[in-house]
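Undergrad: One structure follows; several queries about it will come next.
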Amino acid sequence: MLTLDHYLVLSAILFFLGAVGVMVRAQIIVVLMCLELMLNAVNLAFVAFARHLGSVEGQVIVLFVMVVAAAEVAVGLAIAVAIFRQKGAVGIDDLRVMKW
Amino acid sequence: MISLPELTFVGILPALLLCAAGVVILVVGWFLRRGVLVVSCAVGIVGIAAALIANNPLRFANDSAFSNMLAVDAYSWFLNIVILIAAGLTILMSVRYLEDEGIAMYEYFVLVLFAAAGMMFMVGGDHILMIYIGLETLSISIYILAGGLPESVKSKEAAMKYLILGGFASGMFLYGAALLFGAAGTLSLTGLAKHFQAGQVGLLAKAGMGLILVGFCFKVSAVPFHMWTPDVYDGAPTPLTAFMSVGVKAAAFAAFVRVFFEALTQFQVDWTQILWALAVLTMILGNVAAVVQENIKRMLAYSSIAHAGYILIGMIAGGKAGISGVLYYLLAYTFTNLGAFGIVALVGRKGEARIMLKDYRGLGNSNPLLAVAMSIFMFSLAGIPPTAGFIGKFTIFSAALAQGYIWLVIIAVLTSIVSVFYYFRVIMKMYMETPETQPAALQLSPATAAALIISTAGVLYIGIFPTTYLGLALESVKPLF
């Protein structure tokens, strides 16, 4: 029997994987995917809570989050393309013009 | 039977007008070939003026609209004005900059207007979802704008860094929201407040509160969540940096205050302690790192981190005095920082070639008026009377003292003294050093001149006659308490 806790643990693991991925992965595309993973982990938590509490609010929020995530990744990929055109590569290491 | 929510457009009319102006620019810009920048600027300014007028009814309202999604109150009124001033001055000073860079991009103004509309939704949001959508509307617009310089690798890099860290921050924010939702079963601020007042406060809610705090701290660039700030401020087009440093900060602080003082007051003891530590770190690191910068945009970026620390003190002090101090500080900071970045954009010339501190040598000779204005902005940032920055710091520090945060205020005053060093370095360069080759004097366009005159006048006027504005700020925080 799957309980709320199972979903929450899964969502926490996914969120953690996404967050670590953003910090350690070397490809911008993979980093963007990890951002998506974080947001989808959040969505899972929202849906699980909504089901548990019997409230529609959580499910509505998920729809909004999905729209926003799509918009964000569209802009992210556009910037990645622009960087690729100028530098011929899209690694995180290519973002090194500025350093304090 | 589903009942449709009642539509009250008063609350969103200012934001709607901004969006309408943006759409008009999009349509008109498509047809125009010449003078598209000037026309878009004019349309934008008209939209902002209309929004300022439409914003007035909010002052005396204390209401919520769209099924409690949006608060229509004096608090939104005050911050909407701050945001509109920021957007208006940014648009005015951008025309010349875009012309110099040879970018006939009318979408720039559209995105500034859309970002300002997002900020208004963030400020007025009475529901975490509304705040999140406002936050993303403004962030996505600004990601695009930050990467807007076609030739510059730095600008793309800034946009990418901002997008990745901004996305990370909103992920944190949302996860916190999910946990709060699990704990309380609702995300409306009043609902959350009611829930926490009635029941005890569990671990789930505390974790949610912590994650939301991290999300906001990213947006206001408080240490240790400030890493993106110097790079993004350095790489983005200068007028946009100005907009980011004041507009995003004002909107983020507004939502930060509303969420924490309206919904999470039961946790005040917990988050005050966290904010205390963050404020101290922010003030020390921001000011110390600014001392060693040679690039003026990076220096101002670290200075903006430091100012986030001072504003956090107002939140720690809390109460009407502390929060009205925050509002006044945001207004003062808007005029000051926009003016300072406006001059940085001018002095930078084509391709932002001259953004080092040494490029300011001899500005006092070649452009005396600009140098005077820059000195006034530096005085205000350092917090020296009779400027607005002084009154802002004074109000916030005295509110904190009244609450007994003596050590916090001592650290704040000491770090302010450090900040005097690097702000005065700019003034020294302008008046006391001479460059090897004197560049030609800068010519101001009418729009830029207007922006600089308004910000100089604002800094001096609300600094010399602060009573009215402090009164307005005090009146505006009433809905929160």
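The values are calculated or read from the model by the stated rules, or taken from the named source; none is laboratory data. All figures in this text were calculated on a predicted structure; none of them were measured in a lab. Neighbour counts run over all protein chains shown; Cβ positions are idealised from the backbone, glycine included.
Undergrad: For the subset of region A:24-48 comprising residues that are farther than 21 Å from B:Ala207 by Cα and within 10 Å of chain B (Cβ to nearest Cβ), which member is modelled with the lowest pLDDT?
TA: Among them, the one singled out is A:Ile28.
Undergrad: Within region B:279-296, how many residues turn out to be buried (at least 22 other Cβ atoms within 10 Å of the Cβ) and farther than 16 Å from B:Ile417 by Cα?
TA: So the answer is 2.
Undergrad: B:Gln293 fails exactly one of the following numbered conditions: (1) part of a loop (DSSP other than H, G, I, E, B); (2) under 24 Å from B:Leu331 (Cα atoms). What is the number of that condition?
TA: Condition (2) is where B:Gln293 drops out.
Undergrad: Moving on. Taking the stated definitions as given, is B:Leu113 in a loop (DSSP other than H, G, I, E, B) and either more than 9 Å from chain A (Cβ to nearest Cβ) or farther than 25 Å from B:Leu26 by Cα (or both)?
TA: no
Undergrad: Of these, A:Leu14, A:Leu2, which one is more than 8 Å from chain B (Cβ to nearest Cβ) and within 13 Å of the chain's Cα centre (by Cα)?
TA: A:Leu14
Undergrad: Using beta carbons and a limit of 6 Å, which pairs, at least six apart or on different chains, have the first residue in region A:49-77 and facing chain B (nearest Cβ under 7 Å) and the second one among the acidic types (Asp, Glu)?
TA: Listed by first residue and then by second, the contacts come to A:Val68/B:Glu136.
Undergrad: Considering only residues that are buried (at least 24 other Cβ atoms within 10 Å of the Cβ) and facing chain A (nearest Cβ under 7 Å), look in region B:169-184 and name the one that is nearest to A:Val56 (Cα to Cα).
TA: So, considering only residues that are buried (at least 24 other Cβ atoms within 10 Å of the Cβ) and facing chain A (nearest Cβ under 7 Å), the one nearest to A:Val56 (Cα to Cα) is B:Phe181.
Undergrad: Taking region B:429-448 as the region of interest, how many residues are surrounded by 14 or more Cβ atoms within 10 Å (Cβ to Cβ) and either farther than 18 Å from B:Ala371 by Cα or of a type in the set (A, V, I, L, M, F, W, C) (or both)?
TA: 4
Undergrad: Could you please let me know if A:Ala82 is modelled with pLDDT under 95, in a helix (DSSP H, G or I) and within 18 Å of B:Ala159 (Cβ to Cβ)?
TA: yes
Undergrad: Which condition number does B:Leu37 fail, the rest of (1) in contact with a Ser or Thr (Cβ under 6 Å, 6 or more places away or on another chain); (2) buried (at least 23 other Cβ atoms within 10 Å of the Cβ); (3) in contact (Cβ under 8 Å) with a residue 60 or more places away in the chain being met?
TA: With respect to (1) in contact with a Ser or Thr (Cβ under 6 Å, 6 or more places away or on another chain); (2) buried (at least 23 other Cβ atoms within 10 Å of the Cβ); (3) in contact (Cβ under 8 Å) with a residue 60 or more places away in the chain, B:Leu37 is out only on (1).
Undergrad: Now for a different question. From the list B:Ile313, B:Ile274, which one is under 30 Å from B:Trp77 (Cβ atoms), away from every other protein chain (no Cβ under 14 Å) and buried (at least 24 other Cβ atoms within 10 Å of the Cβ)?
TA: On inspection, the qualifying residue turns out to be B:Ile313.
Undergrad: Taking A:Ala19 as the residue in question, decide whether it is at the interface with chain B (Cβ under 8 Å from one of its Cβ atoms) and not polar (S, T, N, Q).
TA: Yes, satisfied.
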